[in-house]
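The values are calculated or read from the model by the stated rules, or taken from the named source; none is laboratory data. Keep in mind that this is a model prediction, so the values were computed, not measured. Using ideal geometry, Cβ is built from the backbone for each residue, glycine included, and neighbour counts are taken over all protein chains shown. The accessibility values were calculated without ligands, DNA or RNA, using every heavy atom of the protein model including side chains. Shrake-Rupley method; radii C 1.70, N 1.55, O 1.52, S 1.80 Å.
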Amino acid sequence: MRVLAALVLAPLTIAIAYAGGWLWALLVTLVSIGLFAEWLMVVGAASTALTGAGTIVIAMMGAAVAFGGLKTSVIVGLVGGAVVTLMARGKFVWAATGFAYAAAALLASILVRKDLVNGFSALMFVLLVVWATDIGGYFAGRSIGGPKLWPRVSPKKTWAGAFGGFAASLAVAAGFAACGIGKLIPLLLISAILSVVSALGDLFESAVKRRFGVKDSSHLIPGHGGLMDRLDGFVAAILVAWIIGFLRHGVHSAGSGLMVW
């Protein structure tokens, strides 16, 4: 079931990423709403009012940034996020963290793709690095085994798996360079950073679930659990990827800033 779900979802995600524009923004917005809803359930703060308010704010942010209103999206996020946080009362810190988590995933994913020149290649680079880290880590961990990485937070992860995933991510960078998409050394460096960040994002989500005694964030994806379970590494990686691209080439050319050296 896990493999079948991946065989359906991965090509669909790539196709929508290739289409870009409002279609990609719509997918990212729906996923970000799902991330926020799952976060609230994990931390025990879910309610109809809170989930509904967060859904409205994130939908408004997605619509604004999709059609070029980045400043509007940020303002809506700041004001709406404050309202959502206040509504959570006793769980306001966890609600604020969850909203920031979903909002960061939303903005970074859309802004990286909006680069008209290198947006798709940058997005695919991040996706493939995250997937390679996850898949390489799984097979290396299962076949080699050995000492656990952080047993108190994630009992199944091993150091062998961590190194296996890291090595697989470098292979992605080498593949892009071999195809003439970027230079080898910078891509290897970025791949290494994103792979480590992806693994840390995975551990962060595991720590949150362990804190609240939850195994899966939901059962939305057959064989995979919830959106948080599948996208924890991607959320961290796409945010760092956008920051790197933004620092080099600005807000609207983050994809080029990531891929062109």
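Would you check which residues across region 168-227 are of a type in the set (Val, Ile, Thr) and in a loop (DSSP other than H, G, I, E, B) and list them? Before you say what the answer is, go through the steps one by one.
Of region 168-227, the ones of a type in the set (Val, Ile, Thr) are 172, 181, 185, 190, 193, 196-197, 208, 214, 221.
Ile181, Val214, listed by residue number.
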Among the listed residues Val197, Val251, identify the single one that is at pLDDT 95 or above and either in the same structural domain as Thr97 (by the TED database) or open to solvent by 10 Å² or more (accessible area, probe 1.4 Å) (or both). Val197
Inspect region 150-170 for any residue being more than 19 Å from the chain's Cα centre (by Cα), basic (Lys, Arg) and at pLDDT 95 or above and give the result as yes or no. no
Using the structure shown, decide if Ala6 is of a type outside the set (Val, Ile, Thr), in contact (Cβ under 8 Å) with a residue 24 or more places away in the chain and either in a loop (DSSP other than H, G, I, E, B) or open to solvent by less than 40 Å² (accessible area, probe 1.4 Å) (or both). no
I'd like the residue in region 197-242 that is touching a residue at least 60 places away in the same chain (Cβ under 8 Å) and of a type in the set (Val, Ile, Thr) and, out of all such residues, is farthest from Asp134 (Cα to Cα). Val214
So is Lys209 in the same structural domain as Ala241 (by the TED database), surrounded by 14 or more Cβ atoms within 10 Å (Cβ to Cβ), within 20 Å of Tyr101 (Cβ to Cβ) and of a type in the set (D, E, K, R) or not? yes
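Please tell me if Gly226 is outside the structural domain of Met1 (by the TED database) and farther than 28 Å from Lys71 by Cβ.
For Gly226, the condition - outside the structural domain of Met1 (by the TED database) and farther than 28 Å from Lys71 by Cβ - is met.
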Just the residues that are within 22 Å of the chain's Cα centre (by Cα) and open to solvent by 30 Å² or more (accessible area, probe 1.4 Å), please, taken from region 132-149. Asp134, Ile135, Tyr138, Phe139, Leu149
Every residue from region 212-230 that is under 30 Å from Ser256 (Cα atoms) and crowded, with 24+ Cβ neighbours inside 10 Å: Leu227, Met228
